[in-house]
Amino acid sequence: MAWLSDCPIGRLVLVVCVLAGMSTAQADQRDQRYGNLVSWLTSSDECKAQIDEATGLVIDQVGRPTVATESPGYVLAACESDTNIEQAQQVLRAILAAQDTQPGSARRGEFPWFAGQGQTPSLQATYFASPVLAQIYQKLAPELQEELYSGLGLALAAVRDKPAPSEDEVTGLLRVASLAMLGRALGADQQIAESLKQVASWWAKTQDA
């Protein structure tokens, strides 16, 4: 995606994805999917076919309404191509509606992978969605920024205050990437510095191994 290379933090996310084990083929698939999202935006009929009427979210290849994957990508593609903005705003609101915002909830601030009954928010899904949502924030009109700001703040608190659900390097690096992008969007310079420090520490350990 073009946005990954337009700023130092975006490049950090790209490096993290590569270091976390994303193969060239996987990266190409993501670029292709992003291109497909942009092409959907140029065809009104095709675009409508990708939106789940019940939830207002973009469906995946097997028809599930996505919260953490295709839907954020769709909104970002719309913002970057300045196409179907009204529809993208509706999708963004549907994403935010799926976030756990209940005070006192153990999952407060987290997003689920998909919408629907029985779908539980998770840190892993939040790690995946957060960098894209943070980039979307940079491209929104002020009135929509206000709506997203609250959701990003809750996501940052959830990711920052809870340990990674597993100790594998991939999960840890995705967590750091989320913290970096959320910190950038929200102007949390200390969080950005801490994220960069964690990546530098991880990199130093790999060189010593």
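Every read-out reported here was derived from the displayed coordinates using simple, explicitly stated rules and does not represent laboratory data. Since the structure is predicted, the reported quantities are computational estimates derived from the model, not experimental observations. Because the Cβ atoms are built from the backbone with ideal geometry, glycine has one as well, and the counts that use them run over all protein chains shown.
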Ordered by number, the GluC sites (Glu not before Pro) in the range 146-183 that occupy a DSSP loop and have at most 14 other Cβ atoms within 10 Å are E167
Net charge (Lys, Arg +1; Asp, Glu -1) of residues whose beta-carbon lies under 15 Å from that of S130, S130 excluded, is +3
Suppose each label sits 7 Å from its Cα in the direction of the beta carbon; what would the T120-A200 distance come out to in nanometres?
3.8
Might you report the magnitude of the Cβ-based charge dipole of the range 61-209 about its Cα centre, with Lys and Arg at +1 and Asp and Glu at -1, to the nearest 20 debye?
240
Can you check how the C-alpha radius of gyration of the range 98-207 compares to 2.2 N^0.38 Å, as a plain ratio?
1.08
Taking S166, S71 and counting other C-beta atoms within 10 Å, the order from fewest to most
S166, S71
Using a 10 Å cut-off on Cβ atoms, rank the peptides 96-103, 109-116, 129-136 from the highest mean neighbour count down.
129-136, 109-116, 96-103
Using a Förster distance of 35 angstrom, determine the FRET efficiency expected from the C-beta separation of D161 and D82, and round it to 0.05.
0.45
Point-to-point label distance, Q145-E53, nm (Cα→Cβ direction, 7 Å offset)
3.7
